[in-house]
1. Given the conditions (1) part of a helix (DSSP H, G or I); (2) touching a Pro at 6+ places or on another chain (Cβ under 9 Å), report the number of the one that residue 76 does not fulfil.
2. Find the residue count for the range 8-31, including only residues that are buried (at least 19 other Cβ atoms within 10 Å of the Cβ) and either of a type in the set (Phe, Trp, Tyr) or modelled with pLDDT under 95 (or both).
3. Which ones in the range 56-73 are within 13 Å of the ligand (Cβ to nearest atom) and part of a strand (DSSP E or B)?
4. Tell me which residues, restricted to the range 51-82, are over 16 Å from residue 119 (Cα atoms) and among the β-branched types (Val, Ile, Thr).
5. In the range 83-105, which residues are on the phi < 0 side of the Ramachandran plot, in contact (Cβ under 8 Å) with a residue 24 or more places away in the chain and not charged (D, E, K, R)?
6. Are any residues in the range 109-124 away from the ligand (no atom under 16 Å from the Cβ) and surrounded by fewer than 19 Cβ atoms within 10 Å (Cβ to Cβ), and if so, which ones?
7. Sort out which residues of the range 125-139 are outside any loop (DSSP other than H, G, I, E, B) and open to solvent by 60 Å² or more (accessible area, probe 1.4 Å), and write them in order of number.
8. Only one of these conditions is not met by residue 142: (1) assigned to a loop (DSSP other than H, G, I, E, B); (2) closer than 22 Å to residue 23 by Cα; (3) open to solvent by less than 50 Å² (accessible area, probe 1.4 Å). Which number is it?
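The values are calculated or read from the model by the stated rules, or taken from the named source; none is laboratory data. The shown structure was predicted, so the numbers you read here are calculated from the model rather than taken from an experiment. Here the Cβ positions follow ideal geometry from the backbone for every residue, glycine too, while neighbour counts run over all protein chains shown. Keep in mind that these areas ignore ligands, DNA and RNA; they rest on the heavy atoms of the full protein, side chains included. Shrake-Rupley method; radii C 1.70, N 1.55, O 1.52, S 1.80 Å.
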Amino acid sequence: MYLMKDITRDGNPVLRKRAAKVEFPLSKEEQDLAKNMMKYLEVSQDPELCEKYKLRAGVGLAAPQVGVSKQMAAVLVPPLEGDDKSDGKPLFKDVIINPVIVSESVQYAALTEGEGCLSVDKDVPGYVPRHDRITLRYQDVNGETHQIRLKNYPAIVCQHEIDHLHGMLFYDHINKEHPFEAPEDTIMIS
Ligand code: NI
């Protein structure tokens, strides 16, 4: 399982590279990578285990963040607090491989609290404008293609992870002069 020491940090050139496309079937190493990235997210979202292994809780982890420049990212977005209809089912959970955003809304959304990243140790305040809705196409670990529509928080998380595969970090999107200025009509998500 990955620990914080395994996570590449801002300044490591792997985080600024364009990750390579993944071929199928996955190699044993790539299968393990997928499993271990998802495992990190699961363990990090368990408050006791998170504390025990001194992890930072995360909802997404991209391969470059563990030093592998390939187009793979684990995403685990837990159900919204107080949503009894979810039955504890995550809003989105999968390892997305070779992901492509095939369409996106004109409407922007941003998290009120700004974004964070396991690879960025310091807090970078400011709004990160994202597309509120996206259509995402990706392959899963079996090479099966999925095309799904996501909105709000899960859409933001996937855009953050896909950025990692293109060598981008969340703060690249923050307005340098006016960090708390978002495009007009941006939906604020708390
Ligand atoms: Ni990140």
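1. Of (1) part of a helix (DSSP H, G or I); (2) touching a Pro at 6+ places or on another chain (Cβ under 9 Å), only one is false for residue 76: (1).
2. Number of matching residues: 0.
3. Step one: list which residues in the range 56-73 are within 13 Å of the ligand (Cβ to nearest atom), which gives 56-66, 73.
Result: 60, 61, 62, 73.
4. Listed by number, the list holds a single entry, 77.
5. Matches in the range 83-105: 91, 92, 95, 96, 97, 99, 100, 101, 102, 103, 105.
6. 112 - this is the single residue of the range 109-124 that is away from the ligand (no atom under 16 Å from the Cβ) and surrounded by fewer than 19 Cβ atoms within 10 Å (Cβ to Cβ).
7. Once the filter is applied, which keeps residues that are outside any loop (DSSP other than H, G, I, E, B) and open to solvent by 60 Å² or more (accessible area, probe 1.4 Å), the range 125-139 yields 133, 137.
8. Condition (3) is where residue 142 drops out.
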